[in-house]
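Have a look at the structure below, then the notes.
The values are calculated or read from the model by the stated rules, or taken from the named source; none is laboratory data. Not measured: the values here are computed from a predicted model. Cβ placement follows ideal geometry from the backbone for every residue including glycine, while neighbour counts extend to all protein chains displayed. The accessibility values were calculated without ligands, DNA or RNA, using every heavy atom of the protein model including side chains. Shrake-Rupley method; radii C 1.70, N 1.55, O 1.52, S 1.80 Å.
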Amino acid sequence: MHFVDTTESNCYAVVEMNNDQPATVAVTGAAGMLGQDVCGEAPSWARVAPLTRDEADLCVPEETRAVLTAAQPATIIHCAAYTDVDGATRDPDTAWQGNVLATRHVRQAASSIGARLIYVSTDYVFDGTASAPYTESAPVNPINAYGESKLAGEREAMRVESHLIVRTQWLYGLGGSNFIAAILDAARSGRDLQVVQNERGCPTWTLDLARGIWRLLERRADGIVHLTNRGACTRLEMAQAALAEAGMDDVSITGIDSGEWPSPTRRPLNAVLASERLEEIGVEPLRTWRKALGEYVSLLLDRWED
Ligand SMILES: NC(=O)c1ccc[n+]([C@@H]2O[C@H](COP(=O)([O-])OP(=O)(O)OC[C@H]3O[C@@H](n4cnc5c(N)ncnc54)[C@H](OP(=O)(O)O)[C@@H]3O)[C@@H](O)[C@H]2O)c1
């Protein structure tokens, strides 16, 4: 065990190292929206083993075991998941395979190698009926197949002796399709915008979340931690903020209730996440959602112009 100063996090990281070599951290779902930022934000002490579907289909136990045994990671950051919420409603079996069986295979490999497992989870484990934000100790009660599968995935991850479950929500990032990019794309194509006004959450940039996950790992946080950009808003307010940042606030946008949106899935209305653990762990809360969104929109527009 060595203490290594990491300039990225400006704190002392406790890192397990073999023969003074950097610790290997395997990242599943490395080609996904969050996985790309987790790989890109790795601190210097970590040697990242990015795992995509090309390396292993995590639904296949032999492939999962083989790729993780070969990598011999000290830690696995499990970002891979079946993330199509409406798809999970229509086809719960496939969602179960992607979120529960795949996590079971990852946790079996983690246990046999002796690796730590970090599992990324979601506000969809809650029903969203509470009036106050949901902290880590709040009772879970998923109301759709996606939430059920992610909760069962959490329970798989908890069976690894050293585990961390990071619940987050309303992700957007440069590495994948997401709500904000879809809104701005629709606005610039001159389409009418209708956005749900009665769902509240914490919009979170995958870049900030990725940095936060590395800080939690460095602090050897365990159990469940909620991590989002700070503050909450409705979907409509999130869309309006994105349009304002893009200089498109003259675009017409109508607020609708979630029941008017054509979706087969019941979604939690007020599943705002909050953390009662970050301070005790010694990790700073992430910046406000509004600041993060401003920076993201400007990067996204630059990319679209190129
Ligand atoms: N997006 C959100 O708003 C949100 C909110 C809260 C929590 N989360 C959680 O955050 C995590 C990352 O989400 P994300 O938005 O970055 O998801 P994403 O962009 O959909 O990425 C998921 C990645 O996992 C891969 N994957 C899925 N099943 C696999 C399998 N059986 N074997 C190998 N690879 C597999 C996918 O590969 P393919 O593309 O080939 O399928 C994809 O690259 C997930 O755990 C998700 O539940 C997301």
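Show me, bin by bin at 20 Å from 0, the whole-percent P(r) of the chain based on Cα pairs.
Each 20 Å bin holds this share of Cα pairs: 33, 58, 8, 0.
Take the chain, connect every pair of alpha-carbon atoms lying under 10 Å apart with a spring to form a Gaussian network, then pick out the residue of 30, 66, 115 with the largest mean-square fluctuation.
It is 66.
Please identify, among 60, 283, 225, the residue showing maximal mean-square fluctuation in a Gaussian network model of the chain using a 10 angstrom Cα cutoff.
60
Report the one residue of 100, 178, 77 whose Cα lies farthest in the direction of the positive end of the charge dipole of the stretch 77-189 (charges on C-beta: Lys and Arg +1, Asp and Glu -1; origin at the Cα centre).
Of the options given, the answer is 77.
Can you put 291, 150 in order of accessible area, largest first, using a 1.4 Å probe?
Details: 291 140, 150 10 Å².
Per-residue accessible area, sorted high to low, gives 291, 150.
List the residues whose amide H sits under 5 Å from the amide H of residue 196, counting only those 5 or more places along or on another chain, with H placed 1.01 Å from N in the peptide plane.
Those qualifying (amide H under 5 Å, at least 5 residues apart or on another chain) are 256.
Suppose R0 equals 22 Å. What FRET efficiency, 1/(1 + (r/R0)^6) with r the Cβ-Cβ distance, do residue 66 and residue 220 give to the nearest 0.05?
Numbers: r = 28 Å, r/R0 = 1.27.
With R0 = 22 Å, the Cβ-Cβ based efficiency is 0.20.
With the cut-off at 1.5 for a/c, could you classify the stretch 248-292 from its C-alpha gyration tensor as rounded, prolate or oblate? Before the final figure, lay out the partial values.
Working: a/c = 4.79, a/b = 1.64, b/c = 2.92.
Oblate shape, in that a/c is at least 1.5 and b/c is the bigger or equal ratio.
When the helices in the chain are scored as -39500 (n - 2.57) per DSSP H run of 4 or longer and the sum is shared across all residues, what 222 nm value do you end up with, to the nearest 500 deg cm²/dmol? Display every interim value, and only then the final one.
Numbers: 11 runs with 110 residues, N = 306.
Result for the chain: -10500 deg cm²/dmol, rounded to the nearest 500.
Considering only 102, 186, 81, give the residue with the highest GNM mean-square fluctuation for the chain, with springs between Cα atoms whenever their separation is below 10 Å.
For the chain, modelled as a Gaussian network with Cα springs under 10 Å, the answer is 186.
How many percent of the accessible area of the chain is carbon or sulfur, using a 1.4 Å probe?
Working: 6380 of 13850 Å².
Answer for the chain is 46 percent, counting heavy atoms of protein chains only.
For a quick check of your reading of the filter: which GluC sites (Glu not before Pro) in the stretch 98-186 sit in a DSSP loop and have no more than 15 other Cβ atoms within 10 Å? All intermediate terms of the calculation are to be shown ahead of the outcome.
Details: sites: 136, 148, 154, 156, 161; in loops: 136, 161.
Sparse-neighbourhood loop GluC sites (Glu not before Pro): 161.
How many nm separate the modelled label positions at residue 306 and residue 91, each set 7 Å beyond the Cα in the direction of the Cβ?
Between residue 306 and residue 91, the simple spin-label model gives 3.3 nm.
Rounded to whole Å, give me the distance from the Cα center of the stretch 250-306 to that of the stretch 232-249.
Between the Cα centre of the stretch 250-306 and that of the stretch 232-249, the gap is 10 Å.
Where only protein heavy atoms count, and the probe is 1.4 Å, what is the accessible area per residue for the chain in Å²? Walk me through the numbers before you get to the answer.
On the way: 13850 Å² over 306 residues.
I get 45 Å² per residue for the chain.
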